[in-house]
Amino acid sequence: MWQHVRMGTLMAFDTSYLYFRAYFGVPSSFRAPDGTPVNAVRGTLDFIARLVSQYGPDQVACAWDDDWRPQWRVDLVPSYKAHRVVEVAGAEAEQVEADLSIQVPLIRECLDALGLPVVGAAEHEADDVLASLAAANDSHTFVVTGDRDLFQLASADTSVVYIARSVAKHEVVTPDLLVEKYGVSPDRYVDFAVLRGDPSDGLPGVKGIGEKSAASLVTTYPSLSAMLAAAEDPSSPMAKAMRAKLLAAADYLEPARQVVACVLDLPLPTPTRRGVDEQRAAELGERLGLGGSMTRAIAALS
């Protein structure tokens, strides 16, 4: 049963974002003694070690995509992540480069040796896991990601550690920063994101509406349905061009909102660090040629 729990300060990682960023950001020349690529493994460990050392959380959790493209979201918006789909053995799968696919189970093995709980949920993405962990925690949560959609989680009790530009020079997103940067509060960020769209997720948004127009609409109207009502009302002060844009997307807005909004009440186990299995971690570091990356992770998590 989902309930509020006191975990202490929690740092929850968007694990797939970490390893994708590591794979494309760390040189592919990093290989294990047997030639296996390990750049994503090394980068992921370094990211975790750096941020855990900097923030010193009481608990750490690695959110996992048990379902990277849930059917219920596709049913709502068929274009959702459609551009990333590839057929493998007669089934749909996420398009991932072979050298990264090889490393994903190695990353899981390293996380386990480091005592880090990996948390996923059937038919849900890591975003939903991160949101539910943050909602359940009675203490402060740091959500580490490069996904802007998770800005909706910013609150007095949740900060989004935004690493899209850099882990070393990351940005801590708070409600005040959202208002300053986008002109919207976290509780309206979903509506803002729906209007703006996100091509990386296959969400087109409303044609002709960018960030400034989206922010203006969100601050003027209390909901997407209120915007549509104004667009349909000839006596409202909404500009004719804006009416046409919203009405053209009328069938898209509410389904897209359900796709963008994170699930907050998944019944997840409370993440608990088991402690580092130093012998196993060291053996993995040697077998995979992880060098200082594993050493730094062990030091940060011990």
Pair list, Cβ < 8 Å and 6+ apart or interchain, from region 117-134 residues that are in a helix (DSSP H, G or I) to residues that are open to solvent by 20 Å² or more (accessible area, probe 1.4 Å) and among the aromatic types (Phe, Trp, Tyr): 126/17; 126/64; 129/64; 132/2
Failed item in (1) open to solvent by 30 Å² or more (accessible area, probe 1.4 Å); (2) within 26 Å of residue 15 (Cβ to Cβ); (3) in a helix (DSSP H, G or I), with residue 172 passing the rest: (3)
Region 270-297, residues that are open to solvent by 30 Å² or more (accessible area, probe 1.4 Å), part of a helix (DSSP H, G or I) and under 18 Å from residue 56 (Cα atoms): 295, 296
Residue ID - nearest to residue 8 (Cα to Cα), chosen from residues in region 27-44 that are open to solvent by less than 40 Å² (accessible area, probe 1.4 Å) and in a loop (DSSP other than H, G, I, E, B): 38
The listed residue being crowded, with 20+ Cβ neighbours inside 10 Å and outside any helix (DSSP H, G or I), out of 57, 78: 57
The one condition in (1) within 24 Å of residue 170 (Cα to Cα); (2) touching a residue at least 40 places away in the same chain (Cβ under 8 Å) that residue 79 fails to fulfil: (1)
Scope region 101-111; condition buried (at least 17 other Cβ atoms within 10 Å of the Cβ) and either farther than 18 Å from residue 285 by Cα or more than 20 Å from the chain's Cα centre (by Cα) (or both); matching residues: 106, 110
Condition met for residue 47 (open to solvent by 20 Å² or more (accessible area, probe 1.4 Å), on the phi < 0 side of the Ramachandran plot and not in a loop (DSSP other than H, G, I, E, B)): yes
Members of region 153-169 found to be open to solvent by 30 Å² or more (accessible area, probe 1.4 Å), touching a helix residue (DSSP H, G or I) at 6+ places or on another chain (Cβ under 8 Å) and either closer than 18 Å to residue 264 by Cα or not hydrophobic (A, V, I, L, M, F, W, C) (or both), listed by number: 155, 156, 157
Region 249-269: number of residues that are open to solvent by 90 Å² or more (accessible area, probe 1.4 Å) and more than 19 Å from the chain's Cα centre (by Cα): 2
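The values are calculated or read from the model by the stated rules, or taken from the named source; none is laboratory data. What you see is a predicted model, and the numbers here were worked out from it, not measured in a lab. Please note: Cβ atoms are built from the backbone with ideal geometry, for glycine as well, and neighbour counts cover all protein chains shown. With ligands, DNA and RNA removed, areas are computed over all heavy atoms of the protein, side chains included. Shrake-Rupley method; radii C 1.70, N 1.55, O 1.52, S 1.80 Å.
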